[in-house]
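Novice: Structure incoming, see below.
What follows draws every value from the coordinates through simple rules; no lab data is involved. The shown structure was predicted, so the numbers you read here are calculated from the model rather than taken from an experiment. Positions of Cβ are generated from backbone atoms using ideal geometry, with glycine treated the same way; all protein chains shown enter the neighbour counts.
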Amino acid sequence: MTAHPATHPALHAADPELAALVDAEEQLQADTLRLIPSENYVSAAVLEATGTVLQNKYSEGYPGRRYYEGQQNIDLVETLAVERAKALFGVEHANVQPYSGSPANLAVYLAFASPGDTVLGMSLPMGGHLTHGWGVSATGTWFNGVQYGVRADTGRIDFDQVRDLALKERPKIIFCGGTAVPRTIDFAAFGAIAREVDAVLVADIAHIAGLVAGGAHPSPVPHADVVATTTHKTLRGPRGAMLMSRATHAKAIDKAVFPGLQGGPHNHTTAAIAVALREASAPSFREYAHAVVANAKALAEALLARGFDLVSGGTDNHLVLIDLTSKEVPGKVAAKALDRAGIVVNYNTVPFDPRKPFDPSGIRIGTPSLTSRGLGTADMPKVAEWIDRGVRAAGSADEEALATIRKEVADLMAAHPAPGLPLGA
Ligand SMILES: *Cc1c(COP(=O)(O)O)cnc(C)c1O
């Protein structure tokens, strides 16, 4: 492993042990084909913003209403992020302070429900998120989480079930959106159901925020009371989150985030969010968002041609969920073998999975990262071929085949430098 002291000179001088780990991670992110759909490569500008002295400042409160002095610059930074979020997503209110997606969602509960109240969300093994009321999450123990899923025949959200559950359980909050949903989310259908039962509709667009911003997925804004999102997935910003809403809910959301749940905002993250939102407003980001979807569709086609079973039969967005049951290789075995081949995925449950969550039947892949490196639809048959060979090698424990793939992957990656990586720059 080469050391790159020029990149982090102070870190190398002060803590060589830690610096070496950062270097190793840079090398890993440069050399591997990263297919985890919730990950990406941020730009050098976003990275720089996260490493600024803004992180030295405490600023509990909101611009113009702080509990600490010395906010001359911080107020402007946060206002910039808020205004850019409002313009990009077309919302009346944006709170950019949530530390990450999970606390953002917890703030929504705090704003609109009380412990013990019923909330309706997509179940985790069907593609939902832990924070949508799943049992092991605080949201499922402090609240009464009722869960919908997908239809067995189509792999798509079962709206009859959503409506039946909503009418029967009368939830305070309905969550839509998820972590393993390969199809367009029908926000209008959720909106109609939420209005019928007088529930607050929360569209959690953590995975697809970049696609929404870039016009490659319909926007939830006309239909949802609250739009929650992380900033670090397809939106290609720092690890953080935002809560957006109509003006009528602004007060409840702001109060819930601070002082309800959090203390001082992470100002360096707020700055990096502002930078990412500016980048996401550029025409090139629209192209990026559409390329992410085109790549995912091309990858899905190529996988289908190789006999892979895909949940819902394909994809409309950035994500493909592969059911490996017919390949007779468990998801975890495949994921670990692909990792050794330089292809980074995660094992994942598939709807109605007969196997256990820690040893499920599927793998989840996506195209945000490879698209950030400039790979296009013409490269997707190659990616599908590597996955096919990798899964076969996993089944036959063929380490040599995995090592061969790893070399081929590294060669292609070397030709496509990743944004933000000193090694690739
Ligand atoms: C990633 C994700 C979250 C949680 O975000 P963290 O930053 O990991 O806490 C919440 N909801 C959805 C739908 C997600 O995909």
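Novice: In the chain, which whole DSSP H runs stretch at least 24 Å along their own axis (Cα) and average -0.5 or higher on the Kyte-Doolittle scale?
Specialist: Span-like helices here: 72-89, 283-305.
Novice: Suppose a student asked you for the relative contact order of the range 92-241, using Cα pairs under 8 Å spaced at least 6 residues apart; what percent would you report? List each step's numbers first, then the result.
Specialist: Values: 289 pairs, mean separation 33.9, N = 150.
Over the range 92-241, the number comes to 23 percent.
Novice: Go ahead and estimate [θ] at 222 nm for the chain from helices alone: -39,500 (n - 2.57) per DSSP H run with n ≥ 4, summed, over the residue count, rounded to 500.
Specialist: Estimated from H runs of four or more residues: -13000 deg cm²/dmol.
Novice: Next question, about the same structure. Only Cα pairs within less than 10 Å get springs; with that Gaussian network setup on the chain, which residue of ARG65, ARG236, ARG355 has the largest fluctuation?
Specialist: Among ARG65, ARG236, ARG355, the largest mean-square fluctuation in the Gaussian network model of the chain belongs to ARG65.
Novice: Cα-based count: Lys pairs in the range 285-414 below 23 Å, eight or more positions apart or different chains?
Specialist: Close lysine pairs found across the range 285-414: 12.
Novice: Can I ask one more? Report the residue, chosen from GLY133, GLY331, GLY61, that carries the largest GNM mean-square fluctuation when the chain is represented by alpha-carbon nodes joined by springs under 10 Å.
Specialist: GLY61
Novice: Next question, about the same structure. What percentages make up the Cα-Cα pair-distance distribution of the chain when the bins are 10 Å wide from 0?
Specialist: Each 10 Å bin holds this share of Cα pairs: 5, 21, 30, 27, 14, 3, 0.
Novice: Could you sort 360-368, 292-300 so that the peptide with the highest average Cβ count within 10 Å comes first and the rest follow in order?
Specialist: 360-368, 292-300
Novice: Treating cross-link reach as a plain straight distance, find the lysines whose alpha-carbon is under 22 Å from the alpha-carbon of LYS251, omitting any fewer than eight places away in the same chain.
Specialist: By straight Cα distance, LYS251 reaches LYS86, LYS172.
Novice: Mind checking which of GLY145, GLY264, GLY70 has the largest fluctuation in a GNM of the chain, springs on alpha carbons under 10 Å?
Specialist: Of the options given, GLY70 has the highest mean-square fluctuation.
Novice: Ok, one more. Using only the C-alpha atoms of the range 285-414, find the volume of their convex hull and express it per residue in Å³.
Specialist: 94 Å³
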